[in-house]
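Data first, discussion second: the structure below is written as structure tokens.
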Amino acid sequence: MPPKKNKPDAQLIQEYKSFANELADAARTAILPYWRLPSLEVESKYESGRSISQTISPVTAADRAAERVMRDLIEKRYPTHGICGEEYGSVRLDADWVWVLDPIDGTKSFMTGKPLFGTLIAALCQGVPTIGIIDQCVLKERWVGVLGEA
């Protein structure tokens, strides 16, 4: 029988929830200077395992800047935590806590100046999604979910 996973304590979850909001704030600050920038540079990246129409995906400097700032904060504050990122790959996926980052979900909308994109941040505890954030920086709206909270 597999070992039983430990449930994180409420104080730790609140600490990580606060930190997840800090990550969203930092991503917002990194993204906004690129919003509707006429000279926004766009590159294409290949993503295997996706449908033919989604194999080539755009990536902007805003995507990279937002993920970089979030990764740097995680590495500084919680160097033993894992990170699974959209732009820079994964480290320490076997850690008890893993942060999953998509700096701009909806890059095509971002590129065309439509506020139909968001920053996605999740914290997994032993593989279980425990904290999740959707942040829409242009509209200044944020949704936060925590496992067990209404």
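The values are calculated or read from the model by the stated rules, or taken from the named source; none is laboratory data. On a predicted model such as this, the values are computed, not experimentally measured, just so you know. Quick reminder, even Gly has a Cβ in these numbers, built from the backbone with ideal geometry, and neighbours come from all protein chains shown. Each accessible area value is taken on the protein alone, full model and side chains, heavy atoms only, with ligands, DNA and RNA left out. Shrake-Rupley method; radii C 1.70, N 1.55, O 1.52, S 1.80 Å.
Please verify whether the stretch 107-128 includes one or more residues that are loosely packed, with under 12 Cβ neighbours inside 10 Å and assigned to a strand (DSSP E or B). For the stretch 107-128, residues loosely packed, with under 12 Cβ neighbours inside 10 Å and assigned to a strand (DSSP E or B): present. Examine the stretch 23-37 for a residue that is at pLDDT below 85, exposed (fewer than 14 other Cβ atoms within 10 Å of the Cβ) and not in a helix (DSSP H, G or I), and state whether such a residue exists. Scanning the stretch 23-37, I find no residue that is at pLDDT below 85, exposed (fewer than 14 other Cβ atoms within 10 Å of the Cβ) and not in a helix (DSSP H, G or I), so the answer is no.
Which residues, counting only those in the stretch 4-22, are in contact (Cβ under 8 Å) with a residue 12 or more places away in the chain, within 15 Å of TRP97 (Cα to Cα) and part of a helix (DSSP H, G or I)? The answer is ILE13, TYR16, LYS17, PHE19, ALA20. Based on what the data block shows, is GLY85 modelled with pLDDT of 95 or more and within 15 Å of SER57 (Cβ to Cβ)? Yes: the conditions hold for GLY85. Annotation: of all residues in the stretch 72-98 being among the aliphatic types (A, V, I, L, M) and outside any strand (DSSP E or B), the one that is least open to solvent (accessible area, probe 1.4 Å) is ILE74. Residue check: is VAL138 farther than 23 Å from LYS7 by Cβ, touching a helix residue (DSSP H, G or I) at 6+ places or on another chain (Cβ under 9 Å) and of a type in the set (A, V, I, L, M, F, W, C)? Judged against the criteria, VAL138 is a match. The one condition from (1) modelled with pLDDT of 95 or more; (2) part of a loop (DSSP other than H, G, I, E, B) that LEU101 does not meet is (2).
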